[in-house]
Amino acid sequence: MIIKEITLFTNNIENQKQFYQNVLDLELVYNSEEKISFNTQGSILTFEYKKETKPSHIAFNIYSNKIEEALIWLKKRVPILPDGERLISDFKSWNAKAIYFYDADKNIIEFIARKNLGLVAKSVFSPKSILSISEMAIATTNIEGVYNAINSIKAIPVFDGDFSRFCALGNDEGLFILINKSIKKWHPTQEVAYTSDFIIKGDYNFSFINGEIKELS
């Protein structure tokens with residue numbers, strides 16, 4: 001599943017601009033008082049102003065062989081969110097490893113290295129190693145309903161899990177991470193998962209506002 005653009009919402013455009021431009025050193029490709037956009041190698045991350053917001057959880061694919069270098073790079077810039085005593089989460093069944101940190105709005109941001117993608121780089125880790133948006137998380141009390149709404153737009157496979165607690169939809173290139181927020185919290189912080197608004201463009205084009213999916217025309 002290809003994710004071309006994710007739009008999240010913020011009530012502090014300037015703080016988010018400073019974080020993504022100066023801390024993560026991403027390319028700023030759109031800049032206004034109401035909207036900012038940043039470019040990775042394969043996706044755009046956009047923030048639009050909204051007075052009331054709730055934190056989200058998203059992931060970026062990085063090169064398959066660069067997770068340890070990514071940790072060194074990130075530790076110079078942000079506090080790492082540990083997974084118990086580990087700073088790198090190891091998802092053996094997904095053949096992937098991940099690192100987590102907050103952005104300026106306390107969105108949980110993840111860098112994930114998926115060996116199944118076979119994306120190997122010889123160069124030292126840099127902002128150009130942040131390849132694309134990999135995951136968009138959706139907190140809900142009705143996983144099956146969200147799945148049905150997405151699947152009605154375009155058929156999507158279940159990658160892992162089921163409709164009770166956790167369900168990942170898509171493939172290694174891109175995933176929707178659906179969790180039942182009444183019984184599961186965000187990994188790795190174990191904080192309460194809120195239903196947060198977003199807009200996605202790519203293989204799937206829809207808005208998720210106030211828990212409702214609407215296909216984009």
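The values are calculated or read from the model by the stated rules, or taken from the named source; none is laboratory data. Bear in mind the structure is a predicted one, so any value in this text is a computation, not a measurement. For neighbour counting, all protein chains shown are included, and Cβ atoms are generated from backbone atoms with ideal geometry for every residue, glycine included. All accessible areas refer to the heavy atoms of the entire protein, side chains included, with ligands and DNA or RNA removed. Shrake-Rupley method; radii C 1.70, N 1.55, O 1.52, S 1.80 Å.
Taking the stretch 13-29 as the range and being charged (D, E, K, R) and part of a helix (DSSP H, G or I) as the test, the residues that pass are E14, K17.
The requirement of being among the polar types (S, T, N, Q) and under 14 Å from A98 (Cα atoms) is not satisfied by N11. For the stretch 110-167, the set of residues classified as free of Cβ contacts under 8 Å to residues at least 24 places away in the same chain and either of a type in the set (A, V, I, L, M) or closer than 22 Å to E68 by Cβ (or both) consists of K122, S123, A155, V158, listed by residue number. For I183, the requirement of being out of contact with any Leu (no Cβ under 9 Å at 6 or more places or on another chain), at pLDDT 95 or above, hydrophobic (A, V, I, L, M, F, W, C) and farther than 17 Å from S134 by Cβ is met. Could you grab me the full set of residues in the stretch 30-63 that are assigned to a strand (DSSP E or B), in contact (Cβ under 8 Å) with a residue 60 or more places away in the chain and either within 20 Å of K97 (Cα to Cα) or open to solvent by 60 Å² or more (accessible area, probe 1.4 Å) (or both)? Across the stretch 30-63, the qualifying residues are H57, I58, A59, F60, N61, I62. Within the stretch 74-93, can one find any residue that is within 15 Å of Y20 (Cα to Cα) and in a strand (DSSP E or B)? Within the stretch 74-93, none of the residues are within 15 Å of Y20 (Cα to Cα) and in a strand (DSSP E or B).
Between S126, S217, S152, which is open to solvent by less than 40 Å² (accessible area, probe 1.4 Å) and out of contact with any strand residue (DSSP E or B) (no Cβ under 8 Å at 6 or more places or on another chain)? Exactly one residue qualifies, and that residue is S126.
Can you pull out every residue in the stretch 158-177 that is outside any loop (DSSP other than H, G, I, E, B), open to solvent by 30 Å² or more (accessible area, probe 1.4 Å) and aromatic (F, W, Y)? Passing the criteria: F159, F166. Pairs are defined by a Cβ separation below 6 Å, a sequence spacing of at least 6 or placement on different chains, a first member in the stretch 201-212 that is in contact (Cβ under 8 Å) with a residue 60 or more places away in the chain and part of a strand (DSSP E or B), and a second member that is basic (K, R) and open to solvent by 60 Å² or more (accessible area, probe 1.4 Å); the pairs so defined are K201/K4; G202/K4.
Of all the listed residues (A155, A121, A137, A149), the sole one being in a loop (DSSP other than H, G, I, E, B), within 18 Å of E215 (Cα to Cα) and hydrophobic (A, V, I, L, M, F, W, C) is A155.
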